[in-house]
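K.L.:
First the structure, which I've put down as structure tokens, then a few questions once you've had a look.
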Amino acid sequence: MPGFGQLEYLDLCFNRLEAVSDLTLAQLPRLRSLLLGSNRLDRNYLANGQAFRLLRSVEVLDLSANNLESHMAGWYLSNLTRLRMLDLSGNKMTRLPAGIFWSTPQLRELNLSDNYIMEIEEGAFEALEELEVVNLALNSLHCVSGFSLTQLRVLNLSHNALELFMLEEGAESYLLRVLDLSHNRLLGFPELPKAHDLTHLNLSNNLIASLLPGSLWPGGFVLPYEEMPMVNTTWHPAPGLTRVAHLDLSSNQLQMFPFTFFQSLGSLHSLSLAMNCLQDVARESLTGGTEPSDRLPAPPEHASLSVRSLDLHGNAIRLLPPWFFDSLPQLEAIDLGSNSLQPCEIQGSHQGGNLGEGTQVPAPGGTCTPFYNIPHLKHLSLCKNNITKLQPFAFNQTSLLSLDLSGNKDLFLPKEALGGLEFSLQKLSLRGNQMDNSKVELPCLDTLKALDLSGNNLSLLPTGLLCSPLESLDIRNNSLLALEKPGLTSWSRSLKDVSISGNPFSCCSLAWLDTLRAAGVAVRDLHQTHCAYQDESRNFSAKITSSPRWLCPRPKDTSSLALLVVMLSLFFLSCGACCLLKRGQNPPGYVGHSSNRVGVFPHHPKGEGPAEVKPADSVTKV
């Protein structure tokens with residue numbers, strides 16, 4: 001490298017590099033970023049590490065995927081005093097010994113993911129006072145306790161085997177903002193005292209069964225660690241998390257919606273409890289008791305959550321109590337897919353859309369959930385809830401922008417079902433409901449822009465769509481033979497893209513496709529779309545992009561009939577000419593010319609007198 005004295009950035013990733021000489025690095029005094037990932041630096045690591053002592057200006061170093069073991073990595077780092085970013089991911093490190101980072105005191109970002117780290121010795125990070133981001137995902141850690149990196153802002157411990165996570169009690173508060181503990185074996189909510197700056201907490205894919213105080217360690221659980229005496233089973237974890245805005249508890253084992261627990265999270269905006277074991281929503285008391293939702297009166301006005309986005313899909317919820325949405329005054333989006341909820345009908349809905357609040361009570365029986373009169377709710381998903389019929393005015397006075405009713409087999413959607421959404425709904429999904437023409441009626445939705453009707457049995461599109469300014473339309477996998485002209489005319493100015501594959505379109509009736517192309521509409525799956533045509537008794541299929549119209553059979557006997565007409569015309573003309581010629585033929589020996597009226601008299605036989613001369617007017621004219 002004799003001509004690269006000014007070089008600052010060098011990328012040698014994905015080679016077969018085994019050796020780095022000190023003579024080479026001595027010629028690169030200004031090198032700041034050195035990327036050596038995916039090489040073979042586990043070989044000759046002693047000589048290479050000695051050469052690395054000349055990298056006095058390097059701030060970014062990538063040693064990922066080099067089969068490095070813990071002692072090899074430590075040797076490479078032994079004199080990199082200016083290093084700020086270090087990537088050791090994808091190696092074969094099994095432990096972090098004390099002092100491994102003593103020579104890198106300015107390190108800010110450290111990636112140790114995808115190793116085999118099972119042990120972090122005390123003091124391993126002690127010298128890293130400026131460390132802000134640590135990635136330890138995809139390792140084999142079982143316990144993290146006495147965690148003292150108070151200056152850390154981002155910590156990723158996902159995809160380990162953690163059963164215990166405890167921050168160290170102390171006078172200094174933690175600066176931690178993002179903590180990812182997903183895909184572990186946590187049995188309870190982690191102990192996070194004085195983590196006042198934490199905004200993002202991911203606890204998905206663990207074994208958490210309850211968030212109640214005193215339920216941190218289930219009965220019969222024995223903690224096989226020396227830190228067992230430090231565990232306080234009466235400790236309540238939530239009060240210190242006043243700034244948590246995003247909390248993910250999906251894919252755990254929660255059986256009750258811990259309403260009381262979330263009340264202390266005053267800044268919570270996004271909450272996911274998807275893929276748990278929730279059946280009914282009950283308010284958990286601070287003493288650990290619960291009350292069934294059907295017996296629970298409406299909570300006080302101050303008992304509310306600040307959640308704006310709530311994900312409850314993949315549970316077994318049968319109904320939500322009437323006070324549920326009242327307790328979520330800022331809720332804008334909720335995903336209730338893959339549950340067993342049935343929307344209620346408003347009593348007196350036969351009177352039309354102008355319903356007073358006094359009539360908006362659930363139908364008797366208590367087996368349905370009211371989704372009307374929730375003015376702040378904008379996005380609702382009820383996919384895969386086994387809804388067979390949507391009741392009239394089910395969403396009245398709930399100004400939804402998007403509604404997902406997909407995956408409800410044989411759903412019957414009367415025209416009144418979406419009453420009240422005529423001037424708000426912008427996105428509607430009816431995908432995979434196997435509905436035929438008689439089961440879907442849509443009102444005039446003046447603001448509808450995106451519609452998904454794929455996976456049904458429609459041979460005609462609902463007429464109510466003609467007044468909708470559609471921009472995106474998905475009609476895949478239906479029974480449509482063509483798109484009707486009224487719809488194309490109505491959407492000519494608004495429609496931007498369509499998906500049409502999986503329909504039995506006729507190759508001989510593709511004028512609608514020409515109309516779409518002329519309007520500049522993008523057909524997203526045009527190359528996957530086929531059409532059908534019939535030849536005698538056989539049916540054929542062809543790609544719609546292969547210009548299949550020339551294959552279409554012409555009308556039967558059209559060419560033969562034309563030929564027959566021509567031949568008959570010629571025949572009759574010929575016959576007419578012959579008839580006229582025959583009519584103009586005189587007796588033998590006589591020829592008459594009308595133009596000059598010349599008569600030729602026949603020869604008289606001997607002994608006979610001359611014949612009577614025929615007057616000129618009687619000469620036959622041809």
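K.L.:
Take the residues in region 341-350 that are open to solvent by 50 Å² or more (accessible area, probe 1.4 Å) and either part of a loop (DSSP other than H, G, I, E, B) or touching a His at 6+ places or on another chain (Cβ under 9 Å) (or both), then tell me which one is modelled with the highest pLDDT. Explain how you work it out, then say what you get.
P.N.:
First, pick out the residues of region 341-350 that are open to solvent by 50 Å² or more (accessible area, probe 1.4 Å): 342, 345, 347, 350.
If we keep only those that are either part of a loop (DSSP other than H, G, I, E, B) or touching a His at 6+ places or on another chain (Cβ under 9 Å) (or both) as well, we get 342, 345, 347.
Details: GLN342: 94, GLU345: 85, GLN347: 62.
Going through the qualifying residues, I end up with GLN342.
K.L.:
When you scan region 284-301, do you find a residue that is at pLDDT 55 or above, hydrophobic (A, V, I, L, M, F, W, C) and at negative phi, even just one? Quick ask: steps written out before the conclusion?
P.N.:
Step one: of region 284-301, the residues at pLDDT 55 or above are none.
Taking every residue of region 284-301 in turn, none turns out to be at pLDDT 55 or above, hydrophobic (A, V, I, L, M, F, W, C) and at negative phi.
K.L.:
Related question: State whether the residues of region 320-340 include one that is surrounded by fewer than 21 Cβ atoms within 10 Å (Cβ to Cβ) and at pLDDT below 90.
P.N.:
Yes, region 320-340 has at least one match.
K.L.:
From the list SER438, SER541, exactly one residue is part of a strand (DSSP E or B) and surrounded by fewer than 19 Cβ atoms within 10 Å (Cβ to Cβ). Which is it?
P.N.:
On the way: SER438 fails: part of a strand (DSSP E or B).
Going through SER438, SER541 in turn, just one is part of a strand (DSSP E or B) and surrounded by fewer than 19 Cβ atoms within 10 Å (Cβ to Cβ): SER541.
K.L.:
Can you tell me which condition LYS409 does not meet? The list is (1) over 22 Å from the mean Cα position of the chain (by Cα); (2) surrounded by fewer than 19 Cβ atoms within 10 Å (Cβ to Cβ), and all the others hold.
P.N.:
That leaves (1) as the condition not met.
K.L.:
Write out, first by first residue and then by second, each pair whose Cβ atoms fall under 8 Å of each other, whose residues are 6+ apart or on separate chains, and whose first residue, in region 238-262, is among the charged types (D, E, K, R) while the second is surrounded by 21 or more Cβ atoms within 10 Å (Cβ to Cβ) and part of a helix (DSSP H, G or I).
P.N.:
Close Cβ pairs (under 8 Å, with a partner that is surrounded by 21 or more Cβ atoms within 10 Å (Cβ to Cβ) and part of a helix (DSSP H, G or I)) do not exist here.
K.L.:
Right, ASP87: closer than 20 Å to VAL133 by Cβ and not basic (Lys, Arg) or not?
P.N.:
On the way: closer than 20 Å to VAL133 by Cβ: yes; not basic (Lys, Arg): yes.
Spelling it out, ASP87 is indeed closer than 20 Å to VAL133 by Cβ and not basic (Lys, Arg).
K.L.:
Out of VAL231, VAL281, VAL222, I need the residue that is β-branched (Val, Ile, Thr), over 24 Å from LEU179 (Cβ atoms), open to solvent by less than 60 Å² (accessible area, probe 1.4 Å) and modelled with pLDDT under 80. Which one?
P.N.:
VAL281
K.L.:
Let me ask something else. Provide a single number: the residues in region 82-118 that are among the acidic types (Asp, Glu) and at pLDDT below 95.
P.N.:
Residues flagged as among the acidic types (Asp, Glu) and at pLDDT below 95 within region 82-118 amount to 0.
K.L.:
Scan (1) farther than 23 Å from SER399 by Cβ; (2) assigned to a loop (DSSP other than H, G, I, E, B); (3) open to solvent by 10 Å² or more (accessible area, probe 1.4 Å) for the single condition ASN433 breaks and write down its number.
P.N.:
Failed condition: (3).
K.L.:
Would you check if there is a residue in region 13-22 being farther than 22 Å from ALA127 by Cβ and either crowded, with 16+ Cβ neighbours inside 10 Å or of a type in the set (Val, Ile, Thr) (or both)?
P.N.:
yes
K.L.:
Answer yes or no as to whether ARG40 is part of a loop (DSSP other than H, G, I, E, B) and open to solvent by 60 Å² or more (accessible area, probe 1.4 Å).
P.N.:
In short, yes.
K.L.:
Would you pick out the residues in region 374-389 that are in contact with a Gly (Cβ under 6 Å, 6 or more places away or on another chain) and open to solvent by 20 Å² or more (accessible area, probe 1.4 Å)? Talk me through it step by step, then tell me what you get.
P.N.:
Step one: of region 374-389, the residues in contact with a Gly (Cβ under 6 Å, 6 or more places away or on another chain) are 381, 383-384.
Listed by number, the residues that qualify are CYS383, LYS384.
K.L.:
Next question. Would you confirm whether or not region 206-217 contains a residue that is surrounded by fewer than 17 Cβ atoms within 10 Å (Cβ to Cβ), at pLDDT 90 or above, under 24 Å from LEU141 (Cα atoms) and not polar (S, T, N, Q)?
P.N.:
Yes; the residues of region 206-217 include at least one that is surrounded by fewer than 17 Cβ atoms within 10 Å (Cβ to Cβ), at pLDDT 90 or above, under 24 Å from LEU141 (Cα atoms) and not polar (S, T, N, Q).
K.L.:
Additional query: Being within 19 Å of the chain's Cα centre (by Cα) and part of a strand (DSSP E or B) is the filter; apply it to region 467-521 and report the residue that is farthest from ASP452 (Cα to Cα).
P.N.:
Across region 467-521, the extreme among qualifying residues is ASP497.
Residue by residue, here is whether (1) free of Cβ contacts under 8 Å to residues at least 40 places away in the same chain; (2) β-branched (Val, Ile, Thr) holds:
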| site | (1), (2) |
| --- | --- |
| PRO469 | yes, no |
| ARG476 | no, no |
| ASP497 | yes, no |
| THR515 | yes, yes |
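K.L.:
Can I ask one more? Could you please find all residues in region 441-452 being surrounded by 17 or more Cβ atoms within 10 Å (Cβ to Cβ), touching a Ser or Thr at 6+ places or on another chain (Cβ under 9 Å) and not in a strand (DSSP E or B)?
P.N.:
Of everything in region 441-452, those that are surrounded by 17 or more Cβ atoms within 10 Å (Cβ to Cβ), touching a Ser or Thr at 6+ places or on another chain (Cβ under 9 Å) and not in a strand (DSSP E or B) turn out to be LEU442, LEU445, LEU448, LYS449.
K.L.:
Just to be sure, is SER459 surrounded by fewer than 17 Cβ atoms within 10 Å (Cβ to Cβ), assigned to a loop (DSSP other than H, G, I, E, B) and among the polar types (S, T, N, Q)?
P.N.:
Values: surrounded by fewer than 17 Cβ atoms within 10 Å (Cβ to Cβ): yes; assigned to a loop (DSSP other than H, G, I, E, B): yes; among the polar types (S, T, N, Q): yes.
In short, yes.
K.L.:
In addition: Go through region 412-430 residue by residue and tally those that are in contact with a strand residue (DSSP E or B) (Cβ under 7 Å, 6 or more places away or on another chain) and open to solvent by less than 20 Å² (accessible area, probe 1.4 Å).
P.N.:
5
K.L.:
Sticking with this structure for a sec: So, in region 178-196, exactly how many residues are modelled with pLDDT of 90 or more, under 15 Å from PHE147 (Cβ atoms) and surrounded by fewer than 18 Cβ atoms within 10 Å (Cβ to Cβ)?
P.N.:
Qualifying residue count for the region: 1.
K.L.:
Looking at region 23-36, can you tell me whether even one residue there is touching a residue at least 24 places away in the same chain (Cβ under 8 Å), closer than 22 Å to ASN135 by Cα and open to solvent by less than 10 Å² (accessible area, probe 1.4 Å)?
P.N.:
Taking every residue of region 23-36 in turn, at least one turns out to be touching a residue at least 24 places away in the same chain (Cβ under 8 Å), closer than 22 Å to ASN135 by Cα and open to solvent by less than 10 Å² (accessible area, probe 1.4 Å).
The values are calculated or read from the model by the stated rules, or taken from the named source; none is laboratory data. The shown structure was predicted, so the numbers you read here are calculated from the model rather than taken from an experiment. Neighbour counts are summed over all protein chains in view; Cβ atoms, including those assigned to glycine, are modelled from backbone coordinates with ideal geometry. For accessibility, only protein heavy atoms count, side chains too; no ligands or nucleic acids. Shrake-Rupley method; radii C 1.70, N 1.55, O 1.52, S 1.80 Å.
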